[in-house]
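Beneath this line is the structure, given in structure tokens, with notes to follow.
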Amino acid sequence: MKIVIIEDEIKAAKSLANLITKIRPTAKITAQLQSIESAVNYLSENEEPDLIFMDIQLSDGLSFEIFKSVKIHCPIVFCTAYGEYTMDAIKANGIDYILKPFSEKELNDAFEKVDNFKNFFQQNTQPDLDELLKKLGPDEGKKSFLVFKNNKYTTVQTDQIAFIYIRNDSSTIMTFQQQEYSLAQSLDQVQSMLSSKQFFRLNRQYLINFSAVKEVEHYFDRKLFVTLTIPSPDKLLIGKEKTSNFLNWLENR
């Protein structure tokens, strides 16, 4: 079985690949792709795999955009941290999903479902994209977060968030007024709640608002150095594997 993984988080892709190898030792992972653009290019130029594991939200947009450019006839297992409404949309089109962080049981169940429905996928084409997007709705993202600080609950509007980062193993909001608030959700969960047009995951520690970007410079080893309108505790660098996606995100307003 030839498998393609479409996942923009390197750590998540590696974890998924390791589980696949453990559960299906004979499977061959032919590609690990990180963006809509790279997925479209690969699927257009190479033989279609037997199975695709596809993250819903990639750094350059929703992965459903891939279906606008290429026809996909093989089964797809979506990897998601999205809410129940997204799962309903996927279920309605007969496609399986696994939740992040990945578990061996969920992945094994997904493989079994693919095996059981093999004939179905051979006879049917890709999902109804319009119906999926209709159920998902626009990529507006969460409007505010409920936070607790100084024994008080308050809400922080999303457009007031400059960036969200990992501090002491917890997700922490930094506003444009340089106020900090802790969140109970992981950074992966927070990312799935926000608009991919407005927020970009720089690395494992930082999720930044487009409005907070002041300037971007070239750095050594083909990396990018990002300066924000307010100071950040760490130097913000983007690895070479994400530079193209980041620049596209800046440009496609």
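Among the residues of the range 162-170, is there at least one that is open to solvent by 30 Å² or more (accessible area, probe 1.4 Å), without any contact (Cβ under 8 Å) to a residue 40 or more places away in the chain and part of a helix (DSSP H, G or I)? No - not one qualifying residue is present in the range 162-170.
Candidates K28, K68, K91, K100: the one that is open to solvent by 50 Å² or more (accessible area, probe 1.4 Å), charged (D, E, K, R) and at pLDDT 95 or above is K28.
Give the residues of the range 31-64 that are modelled with pLDDT of 90 or more, under 16 Å from E106 (Cα atoms) and either open to solvent by 30 Å² or more (accessible area, probe 1.4 Å) or in contact with a Ser or Thr (Cβ under 9 Å, 6 or more places away or on another chain) (or both), sorted by residue number. The answer is M54, and nothing else.
Every condition in (1) modelled with pLDDT under 90; (2) open to solvent by 60 Å² or more (accessible area, probe 1.4 Å) is met by P127 except one, and the failing one is (2). If we keep just the residues of the range 1-18 that are surrounded by fewer than 18 Cβ atoms within 10 Å (Cβ to Cβ) and of a type in the set (A, V, I, L, M, F, W, C), which is farthest from I76 (Cα to Cα)? Ranking the qualifying residues of the range 1-18, first place goes to I10. Restricting the range 221-238 to residues that are out of contact with any Phe, Trp or Tyr (no Cβ under 7 Å at 6 or more places or on another chain) and part of a strand (DSSP E or B) leaves a set whose member that is most open to solvent (accessible area, probe 1.4 Å) is K223.
Listed here are the residues, each with its yes/no results for (1) in contact with a Gly (Cβ under 7 Å, 6 or more places away or on another chain); (2) of a type in the set (F, W, Y).
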residue	(1), (2)
Q191	no, no
S196	yes, no
R201	no, no
Y206	no, yes
F210	no, yes
E217	no, no
P233	no, no
K240	no, no
W249	no, yes
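Only one of the listed residues (Q189, Q177) is without any contact (Cβ under 8 Å) to a residue 24 or more places away in the chain and either at positive phi or not in a strand (DSSP E or B) (or both). That residue is Q177.
To keep it simple, each residue is scored yes or no on (1) among the polar types (S, T, N, Q); (2) surrounded by 15 or more Cβ atoms within 10 Å (Cβ to Cβ); (3) at pLDDT 90 or above.
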residue	(1), (2), (3)
L194	no, yes, no
F200	no, yes, yes
Y206	no, yes, yes
F210	no, no, yes
Y219	no, yes, yes
K240	no, no, no
L247	no, no, no
E251	no, no, no
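The values are calculated or read from the model by the stated rules, or taken from the named source; none is laboratory data. Predicted model, so just to flag it, every value in this text is computed and none were measured. FYI the Cβ positions are ideal-geometry reconstructions off the backbone, even for glycines, and counts take in every protein chain you see. Keep in mind that these areas ignore ligands, DNA and RNA; they rest on the heavy atoms of the full protein, side chains included. Shrake-Rupley method; radii C 1.70, N 1.55, O 1.52, S 1.80 Å.
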